[in-house]
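> Supplied in structure tokens, the structure appears directly below.
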Amino acid sequence: MATLPYRAIVKYMNKEQLIKKIRLNREQLTRNDAAAAEELYSMKAAHPELLDEEVRLSLALSEALFESHAKSDYKRSIDISLAALAEFPDSPYRNMVSMITRNIGLCYAHLGEFDLAERYLLDALNNLDQSDSVYKSNKALILHNLAMTCEFKGTGLEKAIDYLNQALVLLENDSDHTKKANCLMGLGNLYNSLDNLPKALDKYLQAAEIFETDTDLGNIAATYSNIANCYLKMQEFELSESYHNKALELRIKLGTPYPLGVSYYNLGVHYKRKGDYVNASLYLHKAHAIISELGDKPFIAQISQEIDAVDLISNR
């Protein structure tokens, strides 16, 4: 039997079916799925009569998340989000507005604009609709992002731990285990920053088990990267290198720029700690090239500092 083309299928859709399809498509978009990106723009063009305020906000959220998660283009993602909010300044769709606002905050966190990040994230948190069925899930997501902002900023780590523990309570009965895994990984990062390495490693391994079950390659890579950093602090160099290379392999396969830059940076630091300054310089410069294009100022400065340290040691 011949398969109907996408435009023929959406011909028979009503608004509710289209919104459901956009939501399902969004999950694939954030994993850098090229087919999902093509489908998103097809949905946008195929049925203009269904593009009311709710649908347009939903599509804007998907586009913004695609730019930030799959392409690491945080400025473009912010522009799409701000344009949607400006178009519908008094929208009754509070959860959708909160999720768009949350994305703006998270993008600013990646760009090192921490005050703006916290402002938008708190605004998103305070405007959630408590009567909505996804209230707990969305609140947990924003709490997780607030914790990430504290982590990126390097201050308020105890407050960040509290944010994540609040999120885990909200997610206790949530069927989406990935959300819980993200919080566990966030806790691992915070305990790592506080040099509580056994507790950090325990949280990372719990998160990795969930991500591996779901075959979530992006998050598996991120968790492996964090496990590797823990082992590096413990001076378990072979385990550290093994996990870093596993993370790099997955990130090359996915092709998302920012995480790939993180892997190159981590390997550069790893080789620096081992005393292999040739490889350290090689990977740090690869990281610098990628992150410079993305405009993450604090991370660029961090990479530059490591490059300078390697150059200083190498030229002695």
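> If a residue has to be of a type outside the set (Phe, Trp, Tyr) and open to solvent by less than 40 Å² (accessible area, probe 1.4 Å) to count, how many in segment 149-167 make the cut? Give the derivation first.
Restricting attention to segment 149-167, the residues satisfying the condition of being of a type outside the set (Phe, Trp, Tyr) are 149-151, 153-162, 164-167.
Next, only the ones that are open to solvent by less than 40 Å² (accessible area, probe 1.4 Å) stay: 149-150, 156-157, 160-161, 164, 167.
Total satisfying the criteria: 8.
> Let me ask something else about it. Given the condition over 20 Å from the mean Cα position of the chain (by Cα) and buried (at least 19 other Cβ atoms within 10 Å of the Cβ), answer yes or no: does some residue in segment 308-315 qualify?
First, pick out the residues of segment 308-315 that are over 20 Å from the mean Cα position of the chain (by Cα): 308-315.
This time we only want the ones that are buried (at least 19 other Cβ atoms within 10 Å of the Cβ), so: 310.
Scanning segment 308-315, I find at least one residue that is over 20 Å from the mean Cα position of the chain (by Cα) and buried (at least 19 other Cβ atoms within 10 Å of the Cβ), so the answer is yes.
> Additional query: Restricting to segment 178-211, name every residue that is under 18 Å from Gly154 (Cα atoms) and open to solvent by 40 Å² or more (accessible area, probe 1.4 Å). Please lay out each step first, then the result.
Looking only at segment 178-211, we keep the residues that are under 18 Å from Gly154 (Cα atoms), and these are 183, 185-197, 200.
Passing the criteria: Ser193, Leu194, Asp195, Asn196.
Quick grid of which residues meet (1) open to solvent by less than 30 Å² (accessible area, probe 1.4 Å); (2) more than 30 Å from Gln28 (Cα to Cα):
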| site | (1), (2) |
| --- | --- |
| Thr213 | no, no |
| Thr223 | yes, no |
| Tyr231 | no, yes |
| Gln235 | no, yes |
| Leu248 | yes, no |
| Gly255 | no, no |
| Gly261 | yes, no |
| Asn266 | yes, no |
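> Anything in segment 71-82 that is under 20 Å from Met43 (Cβ atoms) and either crowded, with 23+ Cβ neighbours inside 10 Å or among the β-branched types (Val, Ile, Thr) (or both)? List them, or say none.
Start the filter on segment 71-82 by keeping residues that are under 20 Å from Met43 (Cβ atoms), which leaves 71, 76-77, 80-81.
Answer for segment 71-82, where residues must be under 20 Å from Met43 (Cβ atoms) and either crowded, with 23+ Cβ neighbours inside 10 Å or among the β-branched types (Val, Ile, Thr) (or both): Ser77, Ile80, Ser81.
> Go through segment 129-171 and give me each residue that's of a type in the set (A, V, I, L, M) and under 22 Å from Phe114 (Cβ atoms). Explain how you work it out, then say what you get.
We begin by selecting, within segment 129-171, every residue of a type in the set (A, V, I, L, M); these are 134, 140-143, 146-148, 157, 160-161, 164, 167-171.
Hits for segment 129-171 are Ala140, Leu141, Ile142, Leu143, Leu146, Ala147, Met148, Leu157, Ala160, Ile161, Leu164, Ala167.
> Okay, next question. Could you check segment 83-94 and list, in sequence order, the residues that are in contact with a helix residue (DSSP H, G or I) (Cβ under 7 Å, 6 or more places away or on another chain), surrounded by fewer than 18 Cβ atoms within 10 Å (Cβ to Cβ) and part of a helix (DSSP H, G or I)?
Leu85
> Can you tell which of Ala2, Ala86, Ala8, Ala46 is out of contact with any Pro (no Cβ under 7 Å at 6 or more places or on another chain) and either of a type in the set (Phe, Trp, Tyr) or modelled with pLDDT of 80 or more (or both)?
Values: Ala2 fails: either of a type in the set (Phe, Trp, Tyr) or modelled with pLDDT of 80 or more (or both); Ala8 fails: either of a type in the set (Phe, Trp, Tyr) or modelled with pLDDT of 80 or more (or both); Ala46 fails: either of a type in the set (Phe, Trp, Tyr) or modelled with pLDDT of 80 or more (or both).
Result of the check over Ala2, Ala86, Ala8, Ala46: Ala86.
> Right, next: Of all the helices (runs of 4 or more DSSP H) wholly in segment 216-307, which have at least 1 residues that are among the basic types (Lys, Arg) and within 15 Å of the chain's Cα centre (by Cα)? Spell out how you get there, then give the answer.
Working: elements: 217-233, 237-254, 257-274, 277-294.
Where helices (runs of 4 or more DSSP H) fall fully within segment 216-307 and carry at least 1 residues being among the basic types (Lys, Arg) and within 15 Å of the chain's Cα centre (by Cα), they are 237-254.
> Would you pick out the residues in segment 175-201 that are of a type in the set (Ser, Thr, Tyr) and without any contact (Cβ under 8 Å) to a residue 12 or more places away in the chain? Let's see the steps before the verdict.
If we filter segment 175-201 for residues that are of a type in the set (Ser, Thr, Tyr), which is where we start, we get 175, 178, 191, 193.
Matches in segment 175-201: Ser175 only.
> Considering only segment 161-180, state which residues are closer than 30 Å to Gln302 by Cα and modelled with pLDDT under 95.
Let us first name the residues in segment 161-180 that are closer than 30 Å to Gln302 by Cα, namely 161-165, 167, 178-180.
Thr178, Lys179, Lys180 - these are the residues of segment 161-180 that are closer than 30 Å to Gln302 by Cα and modelled with pLDDT under 95.
> Condition test on Leu125, is it surrounded by 17 or more Cβ atoms within 10 Å (Cβ to Cβ) and more than 17 Å from the chain's Cα centre (by Cα)?
yes
> With the requirement that a residue be β-branched (Val, Ile, Thr) and assigned to a helix (DSSP H, G or I), what does segment 18-42 give you? Spell out how you get there, then give the answer.
Looking only at segment 18-42, we keep the residues that are β-branched (Val, Ile, Thr), and these are 19, 22, 30.
Matches in segment 18-42: Ile19, Ile22.
> If you don't mind, another one. When you check Gly275 against the structure, is it more than 25 Å from Leu201 (Cβ to Cβ), at pLDDT below 95 and among the small types (Gly, Ala, Ser), yes or no? Spell out the reasoning first.
Numbers: more than 25 Å from Leu201 (Cβ to Cβ): no; at pLDDT below 95: yes; among the small types (Gly, Ala, Ser): yes.
Considered against the rule, which asks whether it is more than 25 Å from Leu201 (Cβ to Cβ), at pLDDT below 95 and among the small types (Gly, Ala, Ser), Gly275 comes out as no.
> Among the residues of segment 43-73, what is the count of those that are assigned to a loop (DSSP other than H, G, I, E, B) and either in contact (Cβ under 8 Å) with a residue 12 or more places away in the chain or under 19 Å from Leu254 (Cβ atoms) (or both)? Walk me through how you get there before you give the answer.
Our first condition is that a residue be assigned to a loop (DSSP other than H, G, I, E, B); within segment 43-73, this holds for 47, 51-52, 71-73.
If we keep only those that are either in contact (Cβ under 8 Å) with a residue 12 or more places away in the chain or under 19 Å from Leu254 (Cβ atoms) (or both) as well, we get 47, 52, 71-73.
The total comes to 5.
> Testing Asp174 on (1) charged (D, E, K, R); (2) open to solvent by 40 Å² or more (accessible area, probe 1.4 Å); (3) under 25 Å from Asp214 (Cβ atoms), one condition comes back false. Which one is that?
(2)
> Further, regarding this structure: I need a count of the residues in segment 285-301 that are without any contact (Cβ under 8 Å) to a residue 40 or more places away in the chain and either loosely packed, with under 15 Cβ neighbours inside 10 Å or more than 24 Å from Tyr108 (Cα to Cα) (or both). Reasoning before the result, please.
Step one: filter segment 285-301 for residues without any contact (Cβ under 8 Å) to a residue 40 or more places away in the chain, giving 285-293, 300-301.
Now drop any that are not either loosely packed, with under 15 Cβ neighbours inside 10 Å or more than 24 Å from Tyr108 (Cα to Cα) (or both), which leaves 285, 289, 293, 301.
Number satisfying all stated conditions: 4.
The values are calculated or read from the model by the stated rules, or taken from the named source; none is laboratory data. The shown structure was predicted, so the numbers you read here are calculated from the model rather than taken from an experiment. Counting neighbours? That spans all protein chains shown, and the Cβs are built from the backbone with ideal geometry, glycine included. Just the protein is used for accessible areas: all its heavy atoms, side chains included, with ligands, DNA and RNA removed. Shrake-Rupley method; radii C 1.70, N 1.55, O 1.52, S 1.80 Å.
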